[in-house]
Amino acid sequence: MSQQATTPKPQASKKLPVKQKIRIRLKGYDQRILDRATFDIVETAKRTGARVAGPIPLPTRKEVYTVLRSPHVNKKSREQFEIRTHKRLIDLLNPTGKTIDALKTLALPAGVDIKIKAC
């Protein structure tokens, strides 16, 4: 019988290092202000040594409100108003302590809602 050379199988005890991830979701009614806040966060994260995935534009939510123009008559005469909610997603991969401290002190413009989740 001939013996074949077998390749060593990787052991289960060796694990890859766990990557930390911070997910930041931004919401706002004004797209320009939202993009400026997104740019500030991305530049701060890159400057402190974290890898950045994004910004990813998420679908815009459009709410339409229809109201009567007159308070009493003319049912056919209506006016429509809409509010658009723009959203962005940023993932920070392997953030350092320096990154977290810089994000805590970052001043964001008013009109931007931010949610931070550590994964």
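The values are calculated or read from the model by the stated rules, or taken from the named source; none is laboratory data. These numbers come from a predicted model, not from an experiment. Cβ coordinates were reconstructed from backbone atoms using ideal geometry, including for glycine residues, and neighbour counts include every protein chain displayed.
Of the residues making up the range 101-113, those that are among the hydrophobic types (A, V, I, L, M, F, W, C) and surrounded by fewer than 16 Cβ atoms within 10 Å (Cβ to Cβ) are L106, A107, A110. Note on the range 16-42: residues that are surrounded by 13 or more Cβ atoms within 10 Å (Cβ to Cβ), outside any strand (DSSP E or B) and either more than 15 Å from the chain's Cα centre (by Cα) or of a type outside the set (A, V, I, L, M, F, W, C) (or both) total 8. Would the range 81-100 turn up any residue that is modelled with pLDDT of 90 or more, more than 25 Å from I41 (Cβ to Cβ) and exposed (fewer than 13 other Cβ atoms within 10 Å of the Cβ)? Checked against the condition, which is being modelled with pLDDT of 90 or more, more than 25 Å from I41 (Cβ to Cβ) and exposed (fewer than 13 other Cβ atoms within 10 Å of the Cβ), the range 81-100 yields at least one hit. Number of residues in the range 43-70 that are over 23 Å from A110 (Cα atoms), charged (D, E, K, R) and loosely packed, with under 13 Cβ neighbours inside 10 Å: the value is 2.
Basic (K, R), farther than 15 Å from I114 by Cα and free of Cβ contacts under 8 Å to residues at least 40 places away in the same chain: which single residue out of R78, R51, R47 fits that description?
The unique qualifying residue is R78.
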